[in-house]
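For reference, the structure is listed below as structure tokens.
The values are calculated or read from the model by the stated rules, or taken from the named source; none is laboratory data. Note that the coordinates shown come from a computational prediction; the quantities given were computed from them, not determined experimentally. Note: ideal-geometry Cβ built from the backbone for every residue, glycine included; neighbour counts use all protein chains shown. With ligands, DNA and RNA removed, areas are computed over all heavy atoms of the protein, side chains included. Shrake-Rupley method; radii C 1.70, N 1.55, O 1.52, S 1.80 Å.
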Amino acid sequence: MVSTEMPRDQLRGRETKQRVIEAAAAEFAEYGVAGARINRIAETAKASKERIYAWFGDKDALFDHVMQTGLDRLAHAVPIDADLVEYTVRLHNYFVNDQSAQRVTMWAWLHDAETLGSFSEGRVEGYKHKLEVIADAQERGIVDSSWKPEELLALLLAVASNWERAPAELRSIGCPEFAGSEKARCDSVREAARRLVAPRS
């Protein structure tokens, strides 16, 4: 009988690699790409710098891998479908419940805007799928077709994260009933998304 158990060294290597990814995600969420340090990631993950470089390459490549992992997790947790309004609400809830995911995403928007095109094709493919779903819904007449799919997706992403990305000053002024009520914020996200998505008469 052939054993299907993973060799111990290979298992340890996989566990260490996962620790590196988790440590890198926390590091990037806290400091962004420019401020992140491989030394800290290695110390947190209990891994050598040499092994991290061998696995992932330089810091930008490691960030790209962390982003791909996060996008894959997001796509699994919040799959897009033709009901773009409820998709936006579910996306909002995901960001609320995983603040680090939102911080890494925000750092990515800043970092990748300066190095457009340097990220992996895998990250692009995930967004292409979302655009295809939106375009299909527009063709079926259930989503406003006056938007370009990429334009509408960008707006819905902004709506989903609007309160968490709002200036602290604005959040401090905001109505306490709204600021403290997840239901009120979900209702706000839902209504804003509905106005963007609903076909115009």
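Data for the structure
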{"item": "Qualifying residue in the range 60-80 (condition: open to solvent by less than 30 Å² (accessible area, probe 1.4 Å), touching a residue at least 12 places away in the same chain (Cβ under 8 Å), outside any helix (DSSP H, G or I) and not small (Gly, Ala, Ser))", "result": "yes"}
{"item": "Positions within the range 84-124 being under 14 Å from the mean Cα position of the chain (by Cα), at pLDDT 85 or above and charged (D, E, K, R), in sequence order", "result": "Arg90"}
{"item": "Residues satisfying the stated conditions in the range 33-52, i.e. open to solvent by 90 Å² or more (accessible area, probe 1.4 Å), assigned to a loop (DSSP other than H, G, I, E, B) and closer than 13 Å to Ile21 by Cα", "result": "Lys46"}
{"item": "Search result, residues across the range 134-170 that are in contact (Cβ under 8 Å) with a residue 24 or more places away in the chain and part of a loop (DSSP other than H, G, I, E, B)", "result": "Arg140, Gly141, Ile142, Val143, Asp144, Ser145, Ser146, Trp147, Ser161"}
{"item": "Verdict on Ser161 being open to solvent by 70 Å² or more (accessible area, probe 1.4 Å) and of a type outside the set (D, E, K, R)", "result": "no"}
{"item": "Scope the range 170-187; condition open to solvent by 50 Å² or more (accessible area, probe 1.4 Å) and modelled with pLDDT of 75 or more; matching residues", "result": "Leu170, Ser172, Ile173, Glu182, Lys183, Asp187"}
